[in-house]
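Worksheet: one structure, shown below.
Read-outs throughout are calculated quantities, based only on the coordinates presented, and are distinct from any laboratory measurement. Note that the structure is predicted; figures quoted are calculated from it, not measured. Glycine also receives a Cβ, built like all others from the backbone with ideal geometry; neighbour counts cover every protein chain displayed.
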Amino acid sequence: MKVLVLGAGVVGTTTAWYLQKQGHQVTVVDRQSQAGLETSYANGGQISVSHAEPWANSSAPLKVLKWLTQPDAPLLFRPKLDPGQWRWALSFLGQCTSAKAAHNIRQMVNLGTYSRGQLQALRQDAGIEYDHLEKGILHFYTNSAEFDGAMEPTRIMQNLGCDRQIISAERAVELEPALKPISNRIAGATFTPEDESGDARMFTQNLASRCSEAGVEFRYGTRVLGFEQAGERVLGVQTLCNGRHETLRADAYVLSMGSFSAALARQLGIFLNIYPAKGYSITVPVKNEEAAFEVSLTDDEFKLVYSRLGNRIRVAGTAELNGYSRKLDYTRCRAIVRRAAEVMPEAGCWDQAEFWTGLRPATPSNVPYIGKSHFANLYLNTGHGTLGWTHSCGSAAALADIIDGRKPDVDFTFTGL
Ligand SMILES: Cc1cc2nc3c(=O)[nH]c(=O)nc-3n(C[C@H](O)[C@H](O)[C@H](O)COP(=O)(O)OP(=O)(O)OC[C@H]3O[C@@H](n4cnc5c(N)ncnc54)[C@H](O)[C@@H]3O)c2cc1C
């Protein structure tokens, strides 16, 4: 079957990989000049199965209110005259009950566990390098109330089979000596030895090369404008490349355009509750090998994640619900540098930070749309929010199964199934 994948981020590229493996003739379309140049470019790097806490939980509404006036807050909602933003925010509030949070954790952990297994098999199969480490994730808390609050999601994740260990500050420093400078401020931590980290951009671009070698066609510099449809079937995708309009046709279509999927789907009358949650990262060279970390870290109080990517350090986080602009806000950039330098002063060349910002395709529940749409030949693989890198391989492998009429081997609520 001829399949057109719309979007060459980590989600679209992994989808292309599994589809070509299953014998399909695949074309990937993207407006950029290479794969992985938008949200998959410089994310936090964590393959974070066992830290699948959705933003929406019972303590979120109060925290978001408190952060409304704080310009460097970890999660910032900037109200706009945009009905999409308000609809998203209201729906987010609806997800903030303990029961909904527990359900969403279950969805995310199940998909994450399956996805990590698929990633491990894929990297063997494709033999790709992406500065990955299998050293686990250590989540440290400098606020004891937040540490106490983490017990409930930790228990839910343990019940779902995650090896998430509750540890003391002393044990945290034993596992990752780079935390020594702030050891006396750590209230407690959790450690998940099975989690991983790695560079999503390197992974995506190297996988795109493997896909090309296997016969997948990548059409870069090609903007998707809309669809041609007849009844409940998509007949083609209207594109623009170098000033030339062209309608690309296939038997099936996969929508994987990250934060931009919703606007395109709306043209077909499909409502996807995806809103961009802008995040930031900094990347710096390692300064002192002895003082730098290898275990991937999560700094709970500042909602930052740290990953070691070869001889670089990536620190990422913060979320701003403020539309589609990717303009850098230097107050937020500087807040990340300040905190990272405070946690591990000697680890990185903090004065050489490269700043980046990306738009997480966030759903109110943190759970992505994977599966069928009401159009017979249009499939969805989008809305992966905070965990698109973690969930990419599993989402893609599952969608390839769905397209081939097989039931995916994971307990997850697929769209339209
Ligand atoms: C600061 C930050 C930190 C993060 N940290 C982590 C982490 O540690 N672990 C984790 O699992 N996840 C993390 N994420 C989330 C993860 O990066 C995303 O969920 C993931 O990259 C989304 O992938 P995607 O392929 O859906 O979207 P994208 O990578 O954005 O890909 C979408 C593609 O569609 C293309 N496109 C869009 N519109 C059009 C159009 N009209 N025509 C043609 N092409 C189009 C774009 O060019 C793009 O290449 C983080 C995100 C951010 C912002």
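Given a cut-off of 28 Å, name the pairs among Lys21/Lys278; Lys2/Lys372; Lys303/Lys372 whose C-alpha atoms lie farther apart than that in the structure shown.
Lys21/Lys278; Lys303/Lys372
Once you keep just the Cα pairs under 8 angstrom separated by 6 or more residues, what percentage relative contact order results for the chain?
With pairs under 8 Å counted, the relative contact order is 27 percent.
First measure r as the distance between the Cβ atoms of Lys180 and Arg244, then evaluate 1/(1 + (r/R0)^6) with R0 = 60 Å and state the FRET efficiency to the nearest 0.05.
0.55
Based on DSSP H runs of at least 4 residues, each adding -39500 (n - 2.57), what is the mean residue ellipticity at 222 nm of the chain after dividing by all its residues, to the nearest 500 deg cm²/dmol?
Mean residue ellipticity at 222 nm (helix-derived): -10000 deg cm²/dmol.
Once you mark the chymotrypsin sites (Phe, Trp or Tyr not before Pro) that are in a DSSP loop and have at most 12 other Cβ atoms within 10 Å, what is the longest gap between them in the chain?
With chymotrypsin sites (Phe, Trp or Tyr not before Pro) excluded where exposed in loops, the chain gives 1-270 as its longest stretch.
Can you spot the aspartates and glutamates whose alpha carbon is less than 16 Å from Lys327's alpha carbon? Ignore those fewer than 8 places along the same chain.
Output for Lys327: Glu38, Asp72, Glu354.
What FRET efficiency would be calculated for the residue pair Ala121, Thr69, taking the C-beta separation as r and a Förster radius of 45 Å, to the nearest 0.05?
0.45
Give the lysines reachable from Lys180 as a straight Cα distance under 19 Å; neighbours fewer than 8 places away on the same chain don't count.
Lys135, Lys287
Using Cα positions and a limit of under 15 Å, work out the aspartates and glutamates in reach of Lys80, with same-chain residues fewer than 8 apart set aside.
Qualifying aspartates and glutamates at Cα under 15 Å: Glu320.
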